[in-house]
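J.: I'd like to ask you about the structure that follows.
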Amino acid sequence: MTIRELTATENFFLLAGPCVIEGEDMAMRIAERIVTMTKERNIPYVFKGSYRKANRSRIDSFTGIGDEEALRVLRRVRETFNIPVVTDIHSAEEAEMAAEYVDILQIPAFLCRQSDILMAAAKTGRIVNIKKGQFLSPQAMKYAAEKVVSEGGAGQVMLTERGTTFGYQDLVVDFRGIPQMRSFGYPVVMDITHSLQQPNQTQGVTGGMPEMIETIAKAAIAVGADGLFIETHENPAVAKSDGANMLRLDLLEGLLDKLLKIRAAVR
């Protein structure tokens, strides 16, 4: 899997799936539905699922079904539907392990400056998607990308906008960041659902504004985002992670149609 393949059409590409792998049956159902709708629309599709959700507010929050089991689910999705898959890694030691199962290694926003993780991901030869830290300017992401390139990752870097901390319990999206990061020569993805998080809530569970998903998605396409990152679930109300800012799966198809029209208009 290469970035060239992801950007081969005039449409945006899509990274979508559940926040964290909750089980094989659910992952397969979600993947099958999104594969069908993206194929019909010529949208390159990458299945997204974290094999472990390492960054949780509360000690009793769900983190996953076990690393190896969840990675095997990702491989099953990859092989069944012949699509690339992406997952997060949380340490340099995890890079080589996860690379055996997936096509894209994603660096979480809080870890985007960690040189050892970035360089270990690059050494696997996989695409490396670096999420911009909530605490960083878009311009600072140039240096994170350079760490990947320094280990032979030229042409295999993507950068992802996911909002900037605004006070203690909110995020805002500065859409200037998308063209600014694209100017470095790397594709830029808009992480729609995470940019709508409302973190640090007093009950220890992150909130969100899913009603704004369409707004953020439309704006991102209008300013030139190459890809979109959308976490989706059959029933976000019972999702074991990030349900408060997920898109309900049955709403995805209609949203894609609207976004394709915007893409065509600005092309």
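J.: Only one of (1) at pLDDT 95 or above; (2) surrounded by fewer than 21 Cβ atoms within 10 Å (Cβ to Cβ); (3) over 26 Å from Val266 (Cβ atoms) is not met by Lys39, so which one is it?
T.: So the condition that Lys39 fails would be (3).
J.: Next up: Quick one: Met158 ticks every box in (1) more than 22 Å from Arg52 (Cβ to Cβ); (2) in a strand (DSSP E or B); (3) not aromatic (Phe, Trp, Tyr) bar one, so which box is it?
T.: For Met158, the exception is condition (1).
J.: Within the range 173-267, considering only helices (runs of 4 or more DSSP H) that don't extend past its boundaries, which have at least 1 residues that are surrounded by fewer than 20 Cβ atoms within 10 Å (Cβ to Cβ) and of a type outside the set (Gly, Ala, Ser)?
T.: Those helices (runs of 4 or more DSSP H) span 177-182, 213-222, 252-266.
J.: Something else now. Contact list please: Cβ distance under 6 Å, first residue in the range 8-24 and of a type in the set (Gly, Ala, Ser) and buried (at least 24 other Cβ atoms within 10 Å of the Cβ), second residue modelled with pLDDT of 95 or more and assigned to a helix (DSSP H, G or I), pairs at least six apart or on different chains.
T.: Once the first residue is of a type in the set (Gly, Ala, Ser) and buried (at least 24 other Cβ atoms within 10 Å of the Cβ) and sits in the range 8-24, its partners that are modelled with pLDDT of 95 or more and assigned to a helix (DSSP H, G or I) give Ala16/Ile34; Gly17/Ile30.
The values are calculated or read from the model by the stated rules, or taken from the named source; none is laboratory data. Model, not experiment: these values are computed from the prediction. Cβ coordinates were reconstructed from backbone atoms using ideal geometry, including for glycine residues, and neighbour counts include every protein chain displayed.
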